[in-house]
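Single-structure report; data block below.
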Amino acid sequence: MRGFTGAAARLAPDELIALLGEYQGLLLPILKAHGGSIDKFMGDGILASFGAVSPDPAFAAQALRAVDAIWTAVGHWRAQRQAAGLPAPDVGAGLASGEVVFGIIGHGQRLEYTLIGDAVNLAAKLEKHNKVEHSRGLTTRTTYQLARAQGYAGSKELRAARRVGGVAAPLDLAVLG
């Protein structure tokens, strides 16, 4: 969420938990409707995967469709919250494709499902890089082209040779919003 820290400073604890519940309740059905699997909630963030848990030959296209649907839903949600005089955080996204390892990790009584791999790390870096690009969502040109090959019809702005923190070589990016 964008603007969550400011909202957290102004809201009572029960209001903050309600805000997170609304946000998660809004996004989860969209992610699931597009074949996404929720890995975990990370404070005000959600880590989801497409095609890792259940193979999907159109995983990249589904992920981009999910992001498009999220932008629409979040726009309506924010307008409702603003009209009610409530904090209305925006949502950012980072999307990457590649091989991942997924499974159960932990020990004894504390186990959890998780995703591990360069694609997971890159997605987090792209989400953070939105601030530099003044965007809401980013993916790589490679993932965008894969999504187009899988039937995604949306058109996205491309930005060449961007330096993303923590990534050695420049990346060509597609702006998702």
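The values are calculated or read from the model by the stated rules, or taken from the named source; none is laboratory data. Fair warning: this is a prediction, and the values are worked out from it, not measured in the lab. Glycine also receives a Cβ, built like all others from the backbone with ideal geometry; neighbour counts cover every protein chain displayed. Each accessible area value is taken on the protein alone, full model and side chains, heavy atoms only, with ligands, DNA and RNA left out. Shrake-Rupley method; radii C 1.70, N 1.55, O 1.52, S 1.80 Å.
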Dipole of the range 52-177, Cα-centred, from +1 at each Lys and Arg C-beta and -1 at each Asp and Glu C-beta, to the nearest 20 debye? 360
Mean residue ellipticity (222 nm) of the chain, computed from DSSP H runs ≥ 4 via -39,500 (n - 2.57), nearest 500: -14500 deg cm²/dmol
How much net charge surrounds ALA66 when only other residues with a Cβ under 15 Å from its Cβ are counted (Lys, Arg +1; Asp, Glu -1)? 0
Go through 62-72, 82-92 and give me the packing order, highest mean Cβ count within 10 Å leading. 62-72, 82-92
Portion, in percent, of the accessible area of the chain that falls on carbon or sulfur, probe 1.4 Å: 57
Anchor LYS131: aspartates and glutamates whose Cα lies under 14 Å away (excluding residues fewer than 8 positions away in-chain): ASP90
What list of ³J(HN,Hα) values in whole Hz, one per residue of the range 86-101 in order, does the Karplus curve 6.51 cos²θ - 1.76 cosθ + 1.60 (θ = phi - 60°) give from phi, with Gly and Pro shown as x? 9, x, 10, x, 8, 10, x, 8, x, 10, 9, 10, x, 6, 9, 9
Determine how many Å³ per residue the convex hull of the Cα atoms of the chain encloses. 134
With the alpha-carbon atoms as the only input, what is the per residue convex hull volume for the range 1-65 in Å³? 78
Based on the Cα gyration tensor of the range 74-151, what are the three equivalent ellipsoid semi-axes, each the root of five times an eigenvalue, rounded to whole Å and given largest first? 29, 22, 12
Please state the charge dipole magnitude for the range 1-97, taken about the Cα centre, from unit charges on C-beta atoms (+1 on K and R, -1 on D and E), reported in debye and rounded to the nearest 20. 120
Report the Rg/Rh value for the range 137-177, based on alpha-carbon coordinates and the Kirkwood definition of Rh. 1.00
Looking at the chain, what % of its DSSP beta bridges pair antiparallel, to the nearest 5? 90
DSSP loop GluC sites (Glu not before Pro) in the range 77-153 with at most 11 other Cβ atoms within 10 Å of their Cβ, which ones? GLU99
From the residues VAL91, VAL101, ASN121, which one has its Cα farthest along the dipole of the range 91-136 in the positive direction, the dipole being from +1 and -1 charges on Cβ of Lys/Arg and Asp/Glu about the Cα centre? VAL91
Where only protein heavy atoms count, and the probe is 1.4 Å, what is the accessible area per residue for the range 1-142 in Å²? 53
